[in-house]
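The structure appears right after this line, and notes come after that.
The values are calculated or read from the model by the stated rules, or taken from the named source; none is laboratory data. Keep in mind it's a predicted model, so treat the numbers as computed, not measured. Here Cβ is always computed from backbone atoms with ideal geometry, including for glycine, and neighbour counts include all displayed protein chains.
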Amino acid sequence: MKKIKKFSFIFASISPLILMTQSCFGSSFDKQADLENKEFVNKITNYLNKIKNKNNEFKNFLNNKNNSAIPLNNIDDFYKQPNQIAIELSNHLNSFINELSNKKDEITKFNELDILLSPAKEDNENKLIDLISKLNFINNDVQKLVEEKQLLTKNNDDAYSVLINDLEQNLSANLFTGQSQKDTINRIKNSINSVLHLPLGEDCDCKNIFYKSNYYDSSVIDINYNLIKAYLGFNSENGSTSEEDYQELLKIHTHALANIIREWLFITVENEDYQKNARFRLNKWVESIKNNSDTHNFIISNNELKKLFNAIETSLDMLNSSIEQINKNNSGKYPFDKFLSFIVDVDKETKNINDGIMGQLNYTIKELYELLDSKTK
């Protein structure tokens with residue numbers, strides 16, 4: 001009986017010790033889990049702040065909110081004035097061509113004029129009339145497209161702003177920890193996948209990705225002018241087109257901002273192949289007319305043609321001057337790479353992330369995705 005009592009006493013003494021030990025282990029485990037969750041949330045918060053900062057930098061550039069005293073600091077610095085002048089120039093050219101069409105029989109002996117109505121007679125595979133058409137469409141397109149993207153970001157309707165809002169709300173509600181953690185992480189990963197295609201720089205047939213469809217599609221080189229015509233609201237057949245036509249063309253071709261800007265630069269500003277640059281060709285065309293007394297005299301003998309030709313010459317001079325002014329802020333060369341670096345994230349050839357705003361923004365989002373992904377493995 002004494003042995004039983006003694007054993008009971010020993011057991012009674014050990015039991016609280018076991019419970020205390022288990023409690024300590026449990027407490028230690030909980031503390032470690034709390035520390036890990038806190039560190040995880042802190043990392044997400046840090047990434048969120050970086051994403052917000054870079055997104056604001058991009059929005060400030062796009063919406064011309066940066067210090068205007070610093071050259072090449074806002075999107076307007078790169079394109080606005082040449083774009084407006086080029087639209088004016090296009091209007092004068094179209095009016096001039098329409099006026100020529102009323103005198104079709106008279107101009108057949110003036111080659112510089114005849115090629116505008118009969119392109120097949122021009123000894124150049126890049127027809128001047130086609131470049132005039134492209135100059136018109138690409139400049140109107142850039143103007144409308146930039147305004148569209150500005151409105152999108154001002155209203156925070158863009159996918160980047162939506163992602164930022166999702167992160168802020170889920171952090172505020174402590175949904176990155178506890179039972180909701182897995183669902184929250186998967187939801188944010190899906191949100192990121194709607195913004196970017198990962199890995200960055202990899203080509204994909206994913207037209208629904210926000211960055212690819214809105215800002216830059218590295219898989220597309222050529223621009224489809226039928227898509228541009230549809231976007232601007234008309235086509236060559238009946239002068240109008242439906243939104244359905246535009247959306248159908250988007251399934252195959254790109255209308256991303258950087259892709260369109262690159263085409264605008266090639267047509268309006270400069271091109272390694274001068275024969276494909278409308279500005280270069282128009283300068284040569286005006287010069288050839290002024291050097292041909294017969295053609296020039298025919299133009300100045302008609303008041304309407306004279307007025308329109310003078311307007312073309314004036315607008316073309318203004319376009320040249322506006323581009324030269326931009327070049328002065330970049331050591332005499334047009335800041336082609338700098339302009340695109342605000343919008344393009346990855347170098348097409350090397351696949352390396354560039355150090356521009358969008359490159360840093362998308363790279364930070366990629367790092368956030370990798371952090372979230374590691375938590376669910």
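Observations on the structure shown:
- Test: residue in the stretch 134-154 that is surrounded by 13 or more Cβ atoms within 10 Å (Cβ to Cβ) and part of a loop (DSSP other than H, G, I, E, B): no
- Checked against (1) of a type in the set (Ser, Thr, Tyr); (2) modelled with pLDDT under 90; (3) touching a helix residue (DSSP H, G or I) at 6+ places or on another chain (Cβ under 7 Å); (4) surrounded by fewer than 16 Cβ atoms within 10 Å (Cβ to Cβ), Ser242 meets all criteria but (3).
- Any hit, the stretch 67-90, residues being farther than 30 Å from Lys149 by Cβ and either in contact with a Phe, Trp or Tyr (Cβ under 9 Å, 6 or more places away or on another chain) or crowded, with 17+ Cβ neighbours inside 10 Å (or both): no
- Candidate set: the stretch 351-368, residues that are crowded, with 21+ Cβ neighbours inside 10 Å and touching a residue at least 24 places away in the same chain (Cβ under 8 Å); chosen: the one farthest from the chain's Cα centre (by Cα): Leu368
- Breaking point among (1) surrounded by fewer than 21 Cβ atoms within 10 Å (Cβ to Cβ); (2) in contact with a Phe, Trp or Tyr (Cβ under 6 Å, 6 or more places away or on another chain), for Val269: (1)
- Qualifying residue in the stretch 295-306 (condition: farther than 26 Å from Lys80 by Cβ, surrounded by 17 or more Cβ atoms within 10 Å (Cβ to Cβ), over 23 Å from the mean Cα position of the chain (by Cα) and among the hydroxyl-bearing types (Ser, Thr, Tyr)): yes
- Note on the stretch 321-337: residues that are within 18 Å of Asn271 (Cβ to Cβ) and surrounded by fewer than 14 Cβ atoms within 10 Å (Cβ to Cβ) total 4.
- Here is the figure for the stretch 240-270: residues that are without any contact (Cβ under 8 Å) to a residue 40 or more places away in the chain and out of contact with any Leu (no Cβ under 8 Å at 6 or more places or on another chain) total 10.
- Of all residues in the stretch 212-234 being of a type in the set (A, V, I, L, M, F, W, C), without any contact (Cβ under 8 Å) to a residue 40 or more places away in the chain and assigned to a helix (DSSP H, G or I), the one that is surrounded by the fewest Cβ atoms within 10 Å (Cβ to Cβ): Leu227
- Take the conditions (1) touching a Pro at 6+ places or on another chain (Cβ under 8 Å); (2) at pLDDT below 95; (3) among the basic types (Lys, Arg); Lys366 misses just one of them, which is (2).
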